Every structure is written in C-alpha cells, then in structure tokens.
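Read the figures in this text as sums done on the coordinates, not as results from a lab. Nothing here was measured: the structure is a model prediction, and the numbers come from that model. Cβ sites come from the backbone with ideal geometry, for glycine too, and all protein chains shown count toward neighbours.
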Amino acid sequence: MLGHVYGIVRRQCSHLSRSLCLAVAVLGTSQVAMASPSVDQLSDCLVKATTASDKTAVLQWTFVALSAHPDLVAFSNVTAEQKNQLDQKLAQVLQRVIVEQCAAQTKAVIQSDGVQAVAESFQELGRQAGEDILKDPAVRQQLQGTLRYIDLNKLVMTFLTPDIFGKLGL
C-alpha cells in the first residue's frame, strides 16, 4: 500500500515540479488577474498567430532575459551579439503579431483596458510556449532529477492524512 501511495506522490511531485519551474521561469514576475473579454480575445489571437519558430524566439529571449539576473548569470554564457539578435528577433515577432495579425484585438485591449493589458495578453502565449519546452525529454529529465533528493516517505507521512487517503481511495 505504501508503495502505491509512493507512486502516486512521485507522479504528483513530478507534475508539480514541472508546473512550478514553468511558472517561475516564464511567468515569475507577472501577476495573474481576471482578464477582460478583450484581453482574452487578444490572447487567443496571439496564440493562433505565432508559429513554432515564434514560440522558440519567445523562449530563447525569456531564457536570456532571466539569465541576466545576478543569481543566474554564472549559468549562462550568452554573448552580447546573441542577446542583440534575440532582441531583434523578438521585436520582429511582437511587431508582426501585434501590429499586423492581431491589430484589431490589440486596439480593443488598449481602448478598454489600457496599454499595460497588452502585456497581460502574452501570458497565455508564454504559458503555452513553456508547456512546449517541458515536452522535451532532456528538460523533463532535468526537472525530475530533483526528486532523487526529496524524501518522499517524509512527504507522505507529513501530508497524507487519513482524509487524503480516503480521497485517493486507499
């Protein structure tokens, strides 16, 4: 029985660790708020308008931007030229999707919610791009590597109360 519970906890921790890493890496500084219908429409347009290559550009730029933090800079050796190229590439993507492909939706968001709400519209795109990167086997393996160092028995004994056992059907 404990082995069955251990398996359930291991799968849940794996999903939790992927979700947590995604949230921290991609959306760590954004605030989640109730989006207006116009923000939702722009979000949908942005997701539909971006290609796989565009999403890669978003992820690469996000990685480089986060790696500029003093606590992370030692883990990245991106050159100034690479940063400049990523800035240009992301600017092209943003301009194309905001000005050309989603112009009506962008205008509606600015009129109804203000310019800052345009940035909120990118949260869904960032979330989906982050989910895509988590599908890579090497990324999944790295995220699951943390589980080797977590005492899952301690987690089980600490958090699985009789009530939770009942909900798990045990």
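Below, the figures for the structure above:
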| quantity | calculated |
| --- | --- |
| Packing-based ranking, highest mean first, of 153-166, 59-72 given that Cβ atoms within 10 Å are counted | 59-72, 153-166 |
| Members of LYS83/LYS107; LYS55/LYS107; LYS48/LYS83; LYS55/LYS89; LYS48/LYS89 lying beyond 20 Å, as alpha-carbon distances in this model show | LYS83/LYS107; LYS55/LYS107; LYS48/LYS83 |
| Linear extension gain, LEU155 paired with GLN111, 0.36 nm per residue minus alpha-carbon span | 10.9 nm |
| For region 108-169 and region 82-97, distance of Cα centres in Å | 27 Å |
| Residues ILE110, ILE133, sorted so that the one with the fewest Cβ neighbours within 10 Å comes first | ILE110, ILE133 |
| Estimated inter-spin distance, ARG148 and ASP71, nm [label 7 Å along Cα→Cβ] | 2.4 nm |
| Environment charge at THR62 (Cβ cut-off 14 Å; Lys +1, Arg +1, Asp -1, Glu -1) | 0 |
